[in-house]
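A short worksheet on the structure shown next.
A short reminder: the numbers here are calculations on the coordinates, not readings from a lab. Predicted model only: the values in this text are computed from it and were never measured. Cβ placement follows ideal geometry from the backbone for every residue including glycine, while neighbour counts extend to all protein chains displayed.
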Amino acid sequence: MTSKSNPLGKKLGTTVTPGDRLGNILALRNKGVNLIAGNGTYIRHGHMYASITGQAITIVVQEEEDGNNSAENDGNTKWIVSIQQSQQQQPQSAYAKASTTICPQVGSVILGRVTRVVRPSYAVVDIIAIVPTEPTNNGQSSTKKQQPYIIPFHEPFAGTLRQNEIKPQSAIELEISDCLRPGDVVLARIHALGGEKEFILSTAETELGVVKATCESSGYDLVPVSYKEMECPVTKVKEGRKVAKPRAAA
């Protein structure tokens, strides 16, 4: 439950990951709370999301009593919401400062959040970060020998994941809702360029697919049990997903 003293509710102070929803901007505004996106967060379709992994924190902005009655200064309490990374994550955060000059490219592996599933043909994905390969000691890049890290984008890019690009050699009869659902966080590869500022995605590799999903009934994170199913740790209900094979750590 949120309030003017805690606009994030249970999310405040907890560790969040890219794609986690932090709050409903419009609903909170009606309660006298304005959320402002700080470091590691962004706003999309009326909701605030995390773009990096870390602890969700808030800072209240004191209003100046200058008599200004504009929409920008409506007397509501304003909070800057940021994601604070641990010391182990700070070197990655320093590298991520260049994310404003980096754009997704064909062949790039990205982290995205499914925003909409249009049955039976495709899913709409917010591309929120790029997962580059790290250089090895001999100067060659590798994603298998070292743990991949992410570079979040300041604003998400639009992506489309088509039915026939979800699984290797996918058949047209594939039921897309058995592979991913709105809110899922996925690893995908940019397969091609679509329309203006749109990217065509693919998860047709074993290491690509859903990396985080939430149980629709309990709200708990699902746990992978196979390459095509995830299970709720509370209700034990299984849901179909195209599960990404975990990448080997360094």
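Computed extension gain for Arg44 through Leu174, at 0.36 nm per residue and net of the alpha carbon distance, reaches 43.9 nm. Computed packing ranks the peptides 22-33, 107-118 as 107-118, 22-33, most packed first, by mean other Cβ atoms within 10 Å. FRET efficiency for the pair Cys103 and Val61, taken as 1/(1 + (r/R0)^6) with r the Cβ-Cβ distance and R0 = 30 Å, rounds to 0.40. Between Asn76 and Asp221, the modelled labels are 3.0 nm apart [label points 7 Å from Cα along Cα→Cβ]. With a Förster radius of 30 Å applied to the beta-carbon distance between Thr206 and Asn24, the computed FRET efficiency rounds to 0.25. Take the Cα of Ala158, step 7 Å toward its Cβ, do the same at Lys31, and the gap between the two points is 3.2 nm.
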